[in-house]
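So the structure is just underneath, and the comments pick up after that.
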Amino acid sequence: MLLATMAQEAFPLHFLVWNNQYLELESELQETGHDVERIDPRGRTPLELAVCLGHLESTRVLLRHAADPTYCNAQGWTILQEAVSTGDPELVQLVLQYRDFKRATERLAGIPELLSKLRQARDFYVEMKWEFTSWVPLVSKVCPSDVYRVWKSGSCLRVDTTLLGFEHMTWLKGRRSYIFKGGDDGAVVMEVDHEKQVVYTEPLVLSPRDAPSLLAAMQPSQENTAQRLTSPIVSTHLNTRNIAFERNKSGIWGWRSEKSEVVSGYEAKVYSATNVELVTRSRTEHLSDQDKSRCKGKTQCPSLSTGDGEIKSNQCGNYCLCV
């Protein structure tokens, strides 16, 4: 009883969330002085705690009071991923809607500054080549590589890539161009799928739009929610803690010199970045046995099972950068 009283005094929002007292939580948040992003001794915000416990109404109250739906905890899991792990479709839809709303709001707010920076910067073209390697025999042959090509002209930007992402322990390949075209009254973002010959466009209009209508427009589809609930939760990030840069060299032993390449008529120095790890973790506690069997067949990269529905895969990478 004493511990409960101490917890209530030290972390009133967490205490109300733990007991799912969402009406009292609403009243508490209407008072001033409460930090809705305060972290408890286990590193959880009130929203993360509500989502992990599957308390839908408490989650709804916190999101209405501007709790951050994009928060990522110390283990690298986001609020949305924690929602998916509960297997509750209504909870996933709610968190996904507010997450997309926050992203859209921040994206629109940053457009004027982005256009100004693009107009001030010099036009350029740059190529960034990178690849993953591993000390494990034959693993390097299945690791991905790519060359990013970036063009900048005025307030327009284009990026070409052939590596689309990482999903279900599988590298997604293709030919895509991402184009940002800035104008006086906003911008247009285009994604060009060269293989399917399809162009996806998203206008970014600078004219103000009221928050309720924008939030309503972010309502996710049932298909999107179902797809998340029947797929593993995957977290992938680059560990650059021990990253090191050095000039590439060319030639044979004893007559080696620093390597340079010509890019668009300019002589560029070539550097390598080493000791970069790609860390991938996967959670499957929300999946049925049928979904787990279906997803297991898609695993193509080397992995190490660590139990409790979690898979970890580490790969070291070497990157080549021309500057």
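The values are calculated or read from the model by the stated rules, or taken from the named source; none is laboratory data. Predicted model only: the values in this text are computed from it and were never measured. When we count neighbours, we look across all protein chains shown, and the Cβ atoms used for this are built from the backbone with ideal geometry, even at glycine.
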Residue in the range 1-47 that is farthest from H65 (Cα to Cα), counting only those that are among the small types (G, A, S) and at pLDDT 90 or above: G43
Test: residue in the range 26-37 that is touching a residue at least 60 places away in the same chain (Cβ under 8 Å) and either at positive phi or surrounded by fewer than 22 Cβ atoms within 10 Å (Cβ to Cβ) (or both): no
Every residue from the range 219-249 that is under 18 Å from the mean Cα position of the chain (by Cα), assigned to a loop (DSSP other than H, G, I, E, B) and under 30 Å from D88 (Cα atoms): P220, S231, P232
Some residue of the range 66-79 being closer than 19 Å to Q227 by Cβ and more than 20 Å from the chain's Cα centre (by Cα): no
So A50, is it in a helix (DSSP H, G or I), at pLDDT 95 or above, over 20 Å from P220 (Cα atoms) and not polar (S, T, N, Q): yes
Qualifying positions in the range 53-88 - among the charged types (D, E, K, R) and part of a loop (DSSP other than H, G, I, E, B): D68, D88
Members of the range 268-289 that are surrounded by fewer than 16 Cβ atoms within 10 Å (Cβ to Cβ) and either among the hydroxyl-bearing types (S, T, Y) or farther than 15 Å from M128 by Cα (or both): T274, N275, V279, E285, S288, D289
